[in-house]
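Trainee: Sharing a structure, written as structure tokens. Questions coming.
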């Protein structure tokens, strides 16, 4: 069946099929004008309907594109968080799980890790010392708010440190990590190592009773040239840490051999010089910061 325009608008056909004689009259032009107006009106309605549908489709497509863009931004944000998490895991990959757990817990709480270093004066937090160099590395790799480093040092022997509780300030901080250098050179010549370890263990017990349950780490003092009994003290400290299950950070292998003259390039008057402090800090950087 064929369809034509006149099937829907028969009146127009009637107006157009005029008698030839009537066409010469004045009504002819009126009929033509009416027909044109009606045709234009119909065309306007059809075009308006088409344009309306077109705009609806256009709006819908724009909405889809905006939604897609939003999802893309959301996915990008998730990717950034995931990358950040992976980077953090890579930085701590050399650390034992006990330390990583402390760092992650404080990160989740948006609080700094309370890190206490306790020992003799060679650990003082001063310009150029190993602790100051190490602190800069922590800041550079973890951020300025990741660690709150507190260093407590003394020239006293371990018995005085215990009796006078010279580490009391550290206890009030409720630390997450505690690194102790057990005053070996301070005690050397004053106490046998067995006594030193008794004092040190009592100090450690005070930290272990804290609610924060800090991870305890031990380290030796710096090496000295051709040590005698001091070398035995260091060996006994390592055995003590292993037996008690404490983390022992043995930086001695990073130094030149204690019987080599080369060690004197890093030590002056039994204390580290600038090169010695840099070497000491490098050891801790490599332990706490994986690159």
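The values are calculated or read from the model by the stated rules, or taken from the named source; none is laboratory data. Everything numeric in this text was worked out from a predicted model, so none of it was measured. Note that we place each Cβ from the backbone using ideal geometry, even for glycine, and neighbour counts take in every protein chain shown.
Trainee: Among the helices (runs of 4 or more DSSP H) contained in region 104-201, which hold 3 or more residues that are in contact (Cβ under 8 Å) with a residue 12 or more places away in the chain and closer than 26 Å to residue 277 by Cα? Walk me through it before giving the result.
Mentor: Details: elements: 130-142, 158-163, 168-172, 184-187.
By residue number, 130-142, 184-187.
Trainee: When you scan region 232-279, how many residues do you find that are in contact with a helix residue (DSSP H, G or I) (Cβ under 6 Å, 6 or more places away or on another chain) and closer than 18 Å to residue 193 by Cα?
Mentor: Residues meeting the conditions: 4.
Trainee: So, one more: Does region 127-143 include one or more residues that are at pLDDT 95 or above, over 28 Å from the mean Cα position of the chain (by Cα) and assigned by TED's automatic domain parsing to the domain that holds residue 276?
Mentor: no
Trainee: So residue 117 fits all but one of (1) closer than 30 Å to residue 229 by Cα; (2) in contact with a strand residue (DSSP E or B) (Cβ under 9 Å, 6 or more places away or on another chain); (3) surrounded by fewer than 21 Cβ atoms within 10 Å (Cβ to Cβ); what number is the exception?
Mentor: (3) is the only condition that residue 117 fails.
Trainee: Examine region 214-224 for a residue that is surrounded by 18 or more Cβ atoms within 10 Å (Cβ to Cβ) and over 22 Å from residue 115 (Cβ atoms), and state whether such a residue exists.
Mentor: yes
Trainee: If residue 95 meets every condition in (1) surrounded by fewer than 18 Cβ atoms within 10 Å (Cβ to Cβ); (2) within 18 Å of the chain's Cα centre (by Cα); (3) on the phi < 0 side of the Ramachandran plot; (4) in a loop (DSSP other than H, G, I, E, B) apart from one, which number is that one?
Mentor: Unmet for residue 95, out of (1) surrounded by fewer than 18 Cβ atoms within 10 Å (Cβ to Cβ); (2) within 18 Å of the chain's Cα centre (by Cα); (3) on the phi < 0 side of the Ramachandran plot; (4) in a loop (DSSP other than H, G, I, E, B): (1).
Trainee: If you go through region 240-249 one residue at a time, do you hit one that is at negative phi and in contact (Cβ under 8 Å) with a residue 60 or more places away in the chain? Spell out how you get there, then give the answer.
Mentor: Looking only at region 240-249, we keep the residues that are at negative phi, and these are 240-244, 246-249.
The next check asks that each one be in contact (Cβ under 8 Å) with a residue 60 or more places away in the chain; those that pass are 247, 249.
Yes: region 240-249 contains one or more residues that are at negative phi and in contact (Cβ under 8 Å) with a residue 60 or more places away in the chain.
Trainee: Restricting region 240-274 to residues that are assigned to a helix (DSSP H, G or I) and touching a strand residue (DSSP E or B) at 6+ places or on another chain (Cβ under 9 Å), which is surrounded by the most Cβ atoms within 10 Å (Cβ to Cβ)? Quick ask: steps written out before the conclusion?
Mentor: So the first thing to find is which residues in region 240-274 are assigned to a helix (DSSP H, G or I), and the list is 240-244, 252-254, 261-265, 274.
If we keep only those that are touching a strand residue (DSSP E or B) at 6+ places or on another chain (Cβ under 9 Å) too, we end up with 240-242, 244.
Values: 240: 19, 241: 21, 242: 11, 244: 13.
Result: 241.
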